[in-house]
Amino acid sequence: MRKGELDPTGKRALFEAPVAAAEDRIAPGELNDGKAALFSLPPRRTGTVVVQCSGCKVRSRASFADLGARLAAGSVWLPWRDHPHWMRCPSCRRRQWCQISWTA
């Protein structure tokens, strides 16, 4: 089959497409299979925290430097809330109430 022709069955995609995955998903280390993959957390990355946004409901991993810059750029902390930090979300980039934790 020549390069410009159509592939009605889609078999070319199986053999010619490059393997692509999110950078966060491919990492060296121990793999979890079966039940362990469903019920275990990945190991914590050194020098990072997890920021959960109350607006977009996304959990993002942020470095200490990035978190410090976000908090220094203007934030509010109200400790009695579920999401106590009013800051710019790393995911949706809007000011939202966020929760900062060590693990996902």
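We did not get these values from a lab; they are worked out from the coordinates using the rules stated. Keep in mind it's a predicted model, so treat the numbers as computed, not measured. All Cβ positions, glycine included, derive from the backbone under ideal geometry; neighbour counts span all protein chains shown.
Summary of computed values
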| quantity | calculated |
| --- | --- |
| Computed over segment 48-101: relative contact order in percent, which uses C-alpha pairs under 8 Å that are six or more apart | 40 |
| Table column - 3J(HN,Hα) (Hz), segment 87-94, Karplus curve with 6.51, -1.76, 1.60, x for Gly and Pro | 8, 7, 6, x, 8, 8, 6, 10 |
| Neighbourhood net charge (13 Å Cβ-Cβ; Lys/Arg +1, Asp/Glu -1) for Gln52 | +3 |
| For segment 48-101, the Rg and Dmax computed from alpha carbons only, in angstrom | 9.7, 25 |
| Burial order of peptide ranges 68-77, 88-97 (average beta-carbon count within 10 Å, highest first) | 88-97, 68-77 |
| Rough spin-label spacing in nm, given labels placed 7 Å along Cα→Cβ, for Trp77 and Ala65 | 2.2 |
